[in-house]
Amino acid sequence: METKLVSYYSDSYSEHAALLSGQSVLWLQALRHAALETFAATGFPTLREEEWKYTNVTAIEKHRFKPVANSEAINAELLKTYLLDDMWNLVFVDGKFSAEHSQLDGLNNEVEFHNLAYVLATQPEKLEPYLAQAVSNDEHNFVAFNTAWFNDGLFLNIPAHQVLTKPIQILHLTVSPDCLATSRNIFVAGKNSEAQIIETFVGENAYLNTVVNEVFLAENANLTIHKLQSESKQAYHFGGTYVKQQPHARFQHHNFSFGALLARTDLHVDLETAAECSLNGLYLGVKRQHIDTHTRINHNKPHGISREFYKGILDNRARGVFQGRIVVAKDAQQTDSDMHNRNLLLSANAEVDTKPQLEIYADDVKCAHGVTVGQLEEKSIFYLQSRGINIATARNILTFAFANEMVEMVSIPTLKKLLATKLLNLLPV
Amino acid sequence: MSTTNTEIENLIGQEYKQGFVTELEVDTFPIGLDEDVIRKLSKVKNEPEFMLEYRLKAFRHWQTMENPNWAQLNIEPIDYQAISYYSAPKKKEKLGSLDEVDPELLETYKKLGIPLDEQKQLAGVEIAVDAVFDSVSVATTFKGKLLDAGVIFCPISEAIKDYPELIKQYLSSVVTVQDNFFAALNAAVFTDGSFVYIPKGVRCPMELSTYFRINASNTGQFERTLIIADEGSHVSYLEGCSAPQRDENQLHAAVVELIALKDSEIKYSTVQNWYPGDKNGKGGIYNFVTKRADCRGDNSKVSWTQVETGSAITWKYPSCVLTGDNSVGEFYSVALTNNYQQADTGTKMIHIGKNTSSTIISKGISAGRAQNTYRGLVKVLKNAENARNYTQCDSLLVGDKCGAHTFPYIEVKQPTAQVEHEATTSKISEDQLFFCQQRGLSAEDAVSMIVNGFCKEVFKELPMEFAVEAQALLGISLEGSVG
């Protein structure tokens, strides 16, 4: 079975390669072929790999996903719901940039802001210092897969001292059945620059969406990324974000995983001296959803600060997986790191597997983690009931309150409103 | 800062007192392992046929397995054909009493401070001891007195001959021969160990203990311990160990199985002080142990307490399978690593029955260039309604060249379960040290005091005599490491 699949993606590669961007760029072709070889050797990750112990991706093998040349018509309703006002919007349909739906009016000319296919066609040398530099193909085979297959994406280069006045929204919309949407995004934030990004994933039908973000923060840059994963309920989603932070850079990540049949998010942050990161997230699974989040924070140099707070809600037969790994290198004295993961199980068939990890090689550090798994508190439910609220509503109120704490951390009002609405819609009626 | 580190380093490098070798005439198998060696072993031990079959089955399975490498450990490859699988002191035909034990051996245990002389023990602190020397049990005290109470306490090799039914029923019923690489190897070649059976409703009249001693070189020690607590019984069992100081690494791969039936309680305490290797990480014991308890009956309880200060590499996870409703599992651990020692240790709590609860308190102390890892699993299965777990893992770093790691796994399939996990890592703060020194304590005493305080929650679970020993041991192991 496995050999069949590996050969499907290896064999059909030459057939589809013409569709992929950057055909004439030699260094990219070499990179893609190396990636394809890495992937072909073992295929998608299996449960035998420690990092994939709880996430079985064999279901992907039942499909034959492929890149789409001409996309189906777009559901305008979806766009309307998810495109947020008062920001620059970029829309990717089936993994390809759609100028028609994007709007970038008023963006400072100094900010380089292009889709990847365009940059590869015009100035590919601009990408060379960044592509595959924040993450290597050896990370795991989804990354190698992405490198071999990516078609488009975004190249954002914010020059030093620039502060973007509005957030940038990148909306990934996948509509064609059995579509293989593969995108690669490069975010570069110059010294003292500041920006906010919102990644939104929505779609219809069954498809595979893999996204790899490579993020480079120069000294004292400040970047916030929000991820709203609200893929179709039959979709498979893999999203990896790999961040390199120079000294004093600050990075905030807000991760909301609501959609997809099987979703996996990887988030890796490398911190140099006195860099700070804060990773917050909420995963909410219903029906047979499987939502997996893997984070790794590498404190490489002294005085780094990291904060991580993830909450999970699992209902019906859903399964949540969380791994948070904090590595403090030998030199990273005075590291201050704190991680929490709280999980709420709402049904007898739901499951959560959580793996917080501390790996510490320096002695003068302050590191802690905590995990809880439990259900709604009887006393709180009783309190609400005693005030005349029926039990179902009481449970919803408490579940919403549990989740809303993560929404409240978001500072963009329109996004906050969208998240709260999504959340309310997801609660059982 | 740097001066403090030097002080710490000076404080560590303490010598290992149990590192002497006993000169004895021994029977030793030539090195190597194949089916013939196992047949010969079974024959030497005069075992019934079923044991040979059991061993061969385990050996055949072991041959299909690979040496595991998932732990956070750096292990030199082990050549299993370069080890002798049997070494025993030559002895007279049958030992009638302690008087017939080789005086050299008695002297050895005297030197180690292990009481093998029933009369000479202080009134009130009677402890029955099974002394295992390399591959065989050389003496077991208070056997008679225990038998009067109905308690069976004897070397497992004797139990195989005398109580084959119990062995057939319980051996490998918790840790199967296929369980893992070292358990399979152990099942194939184990030579001795202790066997305990506490009958229904009996509270064992004294503490039971086994002292393991490795003496011969180029041998491995493979011991097997089996403890069965029948309905409503209670037993407290202690385990200690030591080995001579040698430059090569020696393998110790033991299996311990505990079975707690309805309403029974087993308390299992270990003070592990195998030779840890020298200051440069040369030599020392590889301590690869599988310990597991099955709380088979309702309301049963198993409590593991361990103080791990020895061994070059420690790799063990004393676990509880909480099968019975309302059963309780506890794990209290202090693991101290110094110099080049490595430890990857923790526990597994598998909640199967309803209202089961477990507590994990783990204290890891890492000094010198050591690496200390807590690895634990808390698994709540679907039917384990109202399961409860509380886990606390604290790590203390002494010096800036060591590492402390925490790898918990939490898997919950039951919404009424309540699982909590907390972990912290820190160092002894300059403030704490200064405070103690300012009150007239030396830096070393201050560190020892702080470390003892850090470990107090675990020490209070140890039987009294052990607690004293453990504290002293901690002091010795930390000597030169204070910071």
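Computed from the coordinates by the stated procedures, all read-outs in this text should not be read as laboratory data. Nothing here was measured: the structure is a model prediction, and the numbers come from that model. Positions of Cβ are generated from backbone atoms using ideal geometry, with glycine treated the same way; all protein chains shown enter the neighbour counts.
Evaluate the Debye formula for region A:1-149 with equal point scatterers sitting on the alpha carbons, no solvent, and hand back log10 of I(q)/I(0) at q = 0.13, 0.17, 0.19 Å⁻¹, in q order, two decimals.
-0.78, -1.17, -1.27
So how do A:68, B:256 line up by other beta-carbon neighbours within 10 Å, fewest first?
A:68, B:256
Rounded to whole Å and sorted largest first, list the principal axis extents of the Cα atoms in chain B.
Projected onto its principal axes, the Cα set of chain B covers 64, 57, 51 Å.
At 7 Å along the Cα-to-beta-carbon direction for both residue A:18 and residue A:392, put a label point, then send me their distance in nm to one decimal.
5.6 nm
Could you work out the helix-only [θ] at 222 nm for the protein assembly as shown, with each DSSP H run of four or more residues adding -39,500 (n - 2.57) and the total divided by the number of residues, to the nearest 500 deg cm²/dmol?
Mean residue ellipticity, 222 nm, calculated: -7000 deg cm²/dmol.
Residue separation times 0.36 nm, minus the C-alpha to C-alpha distance between residue B:382 and residue B:145: what's the value?
The residue B:382-residue B:145 span can extend by a further 80.8 nm.
What is the P(r) of region B:223-267, as percent of Cα-Cα pairs per 10 Å bin from 0?
22, 39, 22, 13, 4
For region A:86-187, what are Rg and Dmax over the alpha carbons, in angstrom?
Calculated on Cα positions, Rg and Dmax stand at 14.3, 43 Å.
Given bins 10 angstrom wide, list per bin the percent of all Cα-Cα distances in region A:382-429, short to long.
In whole percents, the pair-distance histogram is 26, 44, 24, 5.
Distance in nm between label sites at residue A:380 and residue B:64, each 7 Å beyond Cα in the beta-carbon direction?
Label at residue A:380, label at residue B:64, 5.0 nm between them.
What is the Cα convex hull volume of region B:368-423 when expressed per residue in Å³? List each step's numbers first, then the result.
Details: hull volume 3.1 nm³, N = 56.
Expressed per residue, the convex hull around the Cα atoms of region B:368-423 is 56 Å³.
Using R₀ = 60 Å, calculate the FRET efficiency as 1/(1 + (r/R₀)^6) where r is the Cβ-Cβ separation of residue B:81 and residue A:105; round to 0.05.
0.20
Output the direction-averaged projected area (hull surface divided by four) of the convex hull of the alpha-carbon atoms of region A:294-429, in nm². Mind showing how you got there, number by number?
Details: hull surface 39.5 nm².
Averaged projected area of region A:294-429's Cα convex hull equals 9.9 nm².
Considering just Cα atoms, how many Å³ per residue does the convex hull of region B:215-347 enclose?
Looking at region B:215-347, the number lands at 75 Å³ per residue.
So how compact is region B:329-483: Cα radius of gyration and Dmax in angstrom?
17.3, 57
Estimate the FRET efficiency between residue A:161 and residue B:392 by the formula 1/(1 + (r/R0)^6), using the beta-carbon distance for r and 30 Å for R0, to the nearest 0.05.
0.05
If packing is taken as the average number of other Cβ atoms within 10 Å across a peptide's residues, how do B:426-432, A:242-248 rank, most packed first?
Going by the mean number of other Cβ atoms within 10 Å, highest first, we get A:242-248, B:426-432.
Please check which bits of region B:396-411 a label hung off residue A:330 would reach, taking the label as a point 7 Å along Cα-to-C-beta and the cut-off as backbone N under 17 Å.
Answer for region B:396-411: B:398-405.
For a protection proxy built on the mean count of beta-carbon atoms within 10 angstrom, sort B:297-310, B:406-419 highest first, please.
So the peptides B:297-310, B:406-419, ranked by packing, come out B:297-310, B:406-419.
Would you calculate the convex hull of the Cα atoms in chain A and tell me its volume per residue in Å³?
It is 141 Å³ per residue.
Report the FRET efficiency, 1/(1 + (r/R0)^6), for residue B:437 and residue B:472, where r is their Cβ-Cβ distance and R0 is 30 Å, rounded to 0.05.
So, using R0 = 30 Å, E works out to roughly 0.85.
Normalised by the number of residues in region A:3-272, what is the relative contact order in percent for Cα pairs under 8 Å and 6+ residues apart?
16 percent
Kindly give Rg over Rh for region A:148-257, based on alpha-carbon atoms, with the Kirkwood expression for the hydrodynamic radius.
1.01
Once you compute Rg and the Kirkwood Rh from C-alpha atoms, what is the Rg to Rh ratio for the protein assembly as shown?
Rounded to two decimals, Rg over Rh is 1.02.
Please figure out what share of the DSSP beta bridges in chain A is antiparallel and state it in percent, rounded to the nearest 5.
5 percent
Can you compute the modelled spin-label distance between residue A:414 and residue A:366, with each label point 7 Å from Cα toward Cβ, in nm?
3.9 nm
If a paramagnetic tag sat 7 Å from the Cα of residue B:31 along the Cα-Cβ line, which residues of region B:234-248 would have the backbone N under 15 Å from that point?
B:247-248
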